[in-house]
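Reviewing the structure listed below.
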Amino acid sequence: MLVVGYESGDPQILKNIKKGATIEMAERFTANCKKLGLQVHGDFMVGLPGETRESLRRSVEYAKHLDCTTIQVSIAHPFPGTEFYDYAQRNGLLTLDSMLDETGHQMPNVVYPGLDRAELVDWVERFYGEYYFRPRVIWRVVRKALWDGAERRRLYKEAREYMALRSKRKKFVAEHKGAGGCAGTAE
């Protein structure tokens, strides 16, 4: 299995982060991997520089179009000394909030106009939900689990962990919806 950092399905976001790869390049690469019988784990991020609801929607649709074996969705974090940090600080997007919750799960520490912390967390959940709860993906997972006991146990454990984290994300979104998120921006 190859782990591939697609990051975004939006061409402008890829330019903003200086990815050096295009949507079309990633599509060709993924198609070639499938032809060779290689499995691909696609990594995507929400909250990259310039992110909007529209760019996030494009990323979700792009991930579904690529149809990797599995995906991971992370929240982008600007670390001191990086261009992203300088951009977030310069534009008043950096919050004083922690990047992790009390159990070590990612929380946003950058917000964009119209995209508060709660909505960024909600987009992570939407991304996973829309990707994995498609008939083709469900069948792929079930088919694999039917014939492989170790895989069945692994998937059961992951499903339990995911459902607990899903519940936690939904609770965070409900508690913070419309709260803004820029109240504690760094200067």
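Note that the stretch 112-120 has calculated 3J(HN,Hα) couplings of 10, x, x, 10, 7, 4, 4, 5, 4 Hz, one per residue in order, obtained from phi through the Karplus relation 6.51 cos²θ - 1.76 cosθ + 1.60 (θ = phi - 60°); glycine and proline are x. If one puts a single equal scatterer on every Cα of the stretch 45-110 and applies the Debye formula without solvent, what log₁₀ I(q)/I(0) results at q = 0.12, 0.13, 0.28 Å⁻¹? Summing over Cα pairs of the stretch 45-110 leads to -0.37, -0.44, -1.19. In percent, rounded to a whole number, the relative contact order of the stretch 1-106 is 28, using alpha-carbon pairs under 8 Å and six or more apart. The Cα atoms of the stretch 113-161 give a gyration tensor whose axes a ≥ b ≥ c have a/c of 1.5 or more with a/b no greater than b/c, which makes the shape oblate.
Under the criterion of Cα pairs below 8 Å and six or more residues apart, the relative contact order for the chain equals 21 percent. For the stretch 61-165, the relative contact order comes to 20 percent (Cα pairs under 8 Å, sequence separation of at least 6). Between the alpha-carbon centres of the stretch 19-64 and the stretch 81-114 there is a gap of 23 Å.
Compute the helix-to-body angle for 23-35: its Cα long axis versus the longest principal axis of the chain, expressed 0 to 90° and rounded to tens. Rounded to the nearest ten degrees, it is 20. Among S59, S98, the sequence by solvent-accessible area, most first, with a 1.4 Å probe is S98, S59. What does the charge add up to near G104, with Lys and Arg as +1, Asp and Glu as -1, over the other residues with Cβ less than 13 Å from its Cβ? Summing Lys and Arg as +1 and Asp and Glu as -1 gives -2.
On the beta carbon distance between K170 and Y85, with R0 = 41 Å, the FRET formula returns roughly 0.90.
Which of the residue pairs K18/K177; K35/K157; K34/K144; K18/K64; K19/K177; K15/K64 have a Cα-Cα distance greater than 27 Å in the structure shown? Result: K18/K177; K35/K157; K19/K177 exceed 27 Å. Let a ≥ b ≥ c be the square roots of the eigenvalues of the Cα gyration tensor of the chain; is it rounded (a/c under 1.5), or, if not, prolate (a/b larger than b/c) or oblate? In terms of gyration-tensor shape, oblate.
Taking all protein chains into account, the per residue accessible area for the chain stands at 57 Å² (1.4 Å probe). Surface composition of the chain: carbon and sulfur make up 58 percent of the accessible area, probe 1.4 Å. Counting 0.36 nm for each residue step from E54 to M163 and taking away their Cα separation leaves a gain of 36.6 nm.
Mark the label point 7 Å from the Cα of Y132 along Cα→Cβ and return the residues of the stretch 149-178 whose backbone N is within less than 12 Å of it. Under cut-off, by backbone N: 155-167. Seen against the Cα atoms of the chain and their longest principal axis, helix 149-176 is set at about 20 degrees. The length gained by stretching the chain between L38 and K18 to full extension, at 0.36 nm per residue less their Cα-Cα distance, is 4.5 nm.
The values are calculated or read from the model by the stated rules, or taken from the named source; none is laboratory data. The structure presented is a predicted model; accordingly, all values stated were derived computationally and were not measured. When we count neighbours, we look across all protein chains shown, and the Cβ atoms used for this are built from the backbone with ideal geometry, even at glycine. Note: areas computed on protein heavy atoms with side chains; ligands, DNA, RNA excluded. Shrake-Rupley method; radii C 1.70, N 1.55, O 1.52, S 1.80 Å.
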